[in-house]
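Some notes on the structure that comes next.
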Amino acid sequence: MKKKVIYQITRHKISKIEITSEEEERAVAEANRDFERIDKYGFLNGLTNARLFREDGDAALLFACETLSEDKTRATKADVFTKRTIRPYAVPTHTGDTLEALQICRNERGGVDIAYIEELTGKDYDTVTDELGDAIFRDPVSVKDGDKYSGYVTAEEYLSGKVVEKLRIARHFAAEDTAYARNVAALEKVQPEPLKADEISVRIGASWVDADYYKEFLMEILGIYGYYSDGLNIRYNTFDGSWKVERADHVRNNAGYRATETYGTNRANAFRLFEDCLNQRATQIFDTVEENGKEKRVLNKGETIAAREKQNKIKEAFADWIYADPNRREDLEKTYNRLFNQIRLPSYDGSFLKFPGMNPTIELRPHQKNAVARIAGTGNSTLLHHVVGSGKDN
């Protein structure tokens, strides 16, 4: 007699067993009788039961025997009493479609396995790789010497991420092996669009901006003569991310009233204010007073407000100055794009996924499958974030 495979849920595990059709019918009938015997006493999901079973970690299995109405005033038997809700998943063993074989491979192996696709299709290596075409790419940095099956990844994986660096690597390998020319051509099409100056915000203290530009700006607004240039230095400490403005006395004297009147105060000159801007500090001015025989530092509100007004004036002047020169603007655009505009965000397609053991009446939505594909494909921690109130089932 032919047997069926079913899943038996106990308190601590889900196990797979085989039963005949008659045994399955008797089990379902018995479950229905048991349910009807207790159902006459009220809902399983009633408030009293919820209170009694709240300490039981397995109570959810009991409450799942009922389907409550939206207003929670009526309950019916769950589907498990009338039909099979879990079906065994049969792994496909053959297909003549190479692209379909790729999806089966991704579902079963989590990536591209050319040998497995050969097994599914009965086709040889060259035929498989030719028919898959641009659906897969061979990443040269993952290739193992002597292993023709190594290094293959999906197009969505290869043509995303740090595509600028990938293009540089592909060009290097293509110079020695023309097989990688297709990698170069594909990567050139997905390079990030270079950002223009009006899309790049530059604040004082941005570490990617050359310190010479900060020095040039400060000399210009303070009217410091070019031959005094050696007396002014702006240095960046890569260890703690801090900036330091160093100036000789003759530079300070040359700046004159601009340092203490136009862009600074007597208590906080422009050199100090600019250093605070570079380090993202709001300037504070303190007075030292004596109280009960002890010295104490007290914030001078008036001087602090005056200093911060000059600090804001420096920031406004910098915003007007930084892109005013065409050559400087072009250089900053190139620097920013080289350092930061190198990534193409990946897209994930989970349409090929199968979910063994899941209730066949439940069909995941496309974005849910895509989220599973992302989790399975990246191997990294993933946050599936929704704003509060968005509805997690949308």
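The values are calculated or read from the model by the stated rules, or taken from the named source; none is laboratory data. Predicted, not measured: the structure shown is a model, and the values here were computed from it. Cβ atoms come from the backbone with ideal geometry, glycine included; neighbour counts cover every protein chain shown. These accessible areas exclude ligands, DNA and RNA; they are computed on the full protein's heavy atoms, side chains included. Shrake-Rupley method; radii C 1.70, N 1.55, O 1.52, S 1.80 Å.
Farthest towards the positive end of the charge dipole of the chain, among the residues Asn183, Met219, Val387, is the Cα of Val387, using unit charges on the Cβ of Lys, Arg, Asp and Glu. Principal-axis analysis of the Cα atoms of the chain puts helix 163-174 at an angle of about 80° to the longest axis.
Rounded to the nearest 20 debye, the dipole size of segment 146-192 about its Cα centre is 140 debye, using +1 on the Cβ of Lys and Arg and -1 on the Cβ of Asp and Glu.
What is the dipole size for the chain, taken about its Cα centre, with +1 at each Lys and Arg Cβ and -1 at each Asp and Glu Cβ, in debye to the nearest 20?
Numbers: 59 positive and 65 negative charges, 244 e Å.
Using only the charged Cβ atoms, the result is roughly 1180 debye.
Which residue fluctuates the most in the chain, going by a Gaussian network model with Cα springs under 10 Å, if the choices are Leu299, Leu218, Leu99? Largest GNM mean-square fluctuation: Leu299.
Give me the 1.4 Å probe accessible area per residue for the chain, excluding ligands and nucleic acids, in Å².
65 Å²
Coupling constants for segment 90-104 follow from the phi torsions by the Karplus curve (6.51 cos²θ - 1.76 cosθ + 1.60, θ = phi - 60°), and in residue order they are 9, 6, x, 10, 7, 7, x, 8, 5, 5, 5, 4, 4, 5, 4 Hz; glycine and proline get x. Across segment 44-52, coupling constants 3J(HN,Hα) worked out from phi with the 6.51/-1.76/1.60 Karplus curve, θ = phi - 60°, read 5, 8, x, 4, 5, 5, 4, 6, 5 Hz, and Gly and Pro carry x. For segment 272-366, the spread of Cα positions along the three principal axes, ordered from largest to smallest, is 81, 50, 18 Å.
Leu102 sits among other residues whose Cβ lies under 10 Å from its own Cβ, and their net charge, with Lys and Arg +1 and Asp and Glu -1, is -3. Considering only Val112, Val164, Gly302, whose Cα is most displaced toward the positive end of the charge dipole of the chain, charges sitting on Cβ of Lys, Arg (+1) and Asp, Glu (-1)? In the chain, that residue is Gly302.
Each helix, a run of at least 4 DSSP H residues, gives -39500 (n - 2.57); summed and divided by the residues of the chain, these come to -12000 deg cm²/dmol at 222 nm. For the residues Asp71, Asp147, Asp97, a GNM of the chain with alpha-carbon springs under 10 Å puts the largest fluctuation on Asp71. Applying a DSSP loop filter and a limit of 10 other Cβ atoms within 10 Å to the GluC sites (Glu not before Pro) in segment 234-290 leaves nothing. About the centre of its Cα atoms, segment 56-207 shows a dipole size close to 400 debye [charges on the beta carbon of Lys, Arg (+1) and Asp, Glu (-1) only; nearest 20 debye].
Please give the helix 326-340 orientation as an angle from the longest Cα principal axis of the chain, in degrees from 0 to 90, rounded to the nearest 10. Here the helix axis deviates by roughly 30 degrees.
Using only the heavy atoms of the protein chains and a 1.4 Å probe, how would Arg235, Arg74, Arg182 rank by accessible area, largest first?
The ranking, largest first, comes out as Arg74, Arg235, Arg182.
Note on Rg and Dmax of the Cα atoms in Å: of the candidates (i) 39.9, 142; (ii) 22.4, 68; (iii) 34.7, 104, the value calculated from this structure sits at (iii). Pairs exceeding a 29 Å alpha-carbon distance, out of Lys196/Lys301; Lys144/Lys369; Lys144/Lys189; Lys162/Lys334: Lys196/Lys301; Lys144/Lys369. Per-residue Karplus couplings for segment 290-299, computed as 6.51 cos²θ - 1.76 cosθ + 1.60 with θ equal to phi - 60°, are listed in order as 9, 9, 6, x, 10, 6, 9, 8, 10, 5 Hz, Gly and Pro entered as x.
Within the set of other residues whose C-beta is less than 14 Å from the C-beta of Lys166, count the net charge using Lys and Arg as +1 and Asp and Glu as -1.
Numbers: positive: Arg138, Lys162, Arg168, Arg171, Arg182, Lys189, Arg344; negative: Asp139, Glu156, Glu157, Glu165, Glu188.
Every neighbour counted, the sum reads +2.
Fully extending the segment from Thr361 to Ala324 would add 7.0 nm, taking 0.36 nm per residue of separation and subtracting the current Cα-Cα distance.
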